[in-house]
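Derivation of every value follows stated rules applied to the coordinates shown; laboratory data play no part. What you see is a predicted model, and the numbers here were worked out from it, not measured in a lab. Neighbour counts are summed over all protein chains in view; Cβ atoms, including those assigned to glycine, are modelled from backbone coordinates with ideal geometry.
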Amino acid sequence: MGTTKHTDAGFLTVLLQDEIGGLQILHQNQWIDVPPTPGALVINIGDLLQLISNDKLRSVEHRVVANKKGPRVSVACFFTTALAPSTKVYGPIKELVSDDDPPRYRETTVQEYSQYSFATGLGVPRLDHLKL
Ligand SMILES: O=C(O)CCC(=O)C(=O)O
Ligand SMILES: [Fe+2]
């Protein structure tokens with residue numbers, strides 16, 4: 001089974017891959033295979049880390065292309081507080097913004113961003129609506 005092109009909505013995703021492969025990232029408009037290394041952990045930066053880092057860290061677009069090599073097992077651990085109700089507001093970290101590099105996003109809560117992400121679905125650039 002594959003997935004359509006998307007970015008991960010949370011802060012960080014840790015992926016444990018097997019030897020089957022299929023994960024690709026979009027780099028300079030080209031899909032690049034992530035070589036499968038059984039037991040290795042792939043770390044994906046998510047949208048909320050991009051937001052709080054004011055674009056210093058980028059949440060890369062990726063997808064999974066199914067191949068015929070066999071059943072594929074991928075264990076994903078999403079670092080986010082999406083399911084825990086919290087009014088904590090996240091915006092670009094103040095140490096990372098300056099007069100020359102002002103905040104690029106408005107503040108949001110994880111809940112608000114997660115709800116928006118679920119509603120838009122995969123494949124839609126979801127950070128754009130928070131851009132200042
Ligand atoms: O299965 C994979 O390698 C990636 C899965 C993924 O992109 C996700 O769960 O967000
Ligand atoms: Fe993903």
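Observations on the model:
- When segment 45-57 is filtered for residues that are in contact with a strand residue (DSSP E or B) (Cβ under 9 Å, 6 or more places away or on another chain) and within 14 Å of ligand 2 (Cβ to nearest atom), the ones remaining, listed by number, are ILE45, GLY46, LEU48, LEU49, GLN50.
- Summed over segment 65-107, residues that are in a loop (DSSP other than H, G, I, E, B), more than 16 Å from ligand 2 (Cβ to nearest atom) and either surrounded by fewer than 16 Cβ atoms within 10 Å (Cβ to Cβ) or of a type outside the set (D, E, K, R) (or both) total 24.
- Yes/no for THR13 being out of contact with any His (no Cβ under 8 Å at 6 or more places or on another chain) and polar (S, T, N, Q): yes
- The residue of segment 51-64 that is surrounded by the fewest Cβ atoms within 10 Å (Cβ to Cβ), among those that are more than 26 Å from ILE20 (Cβ to Cβ) and in contact with a Phe, Trp or Tyr (Cβ under 8 Å, 6 or more places away or on another chain), is ILE52.
- Among residues of segment 17-32 being more than 12 Å from the chain's Cα centre (by Cα) and within 13 Å of ligand 2 (Cβ to nearest atom), the one that is farthest from THR81 (Cα to Cα) is GLY22.
- Among the residues of segment 108-121, those identified as surrounded by 14 or more Cβ atoms within 10 Å (Cβ to Cβ) and outside any helix (DSSP H, G or I) are THR108, THR109.
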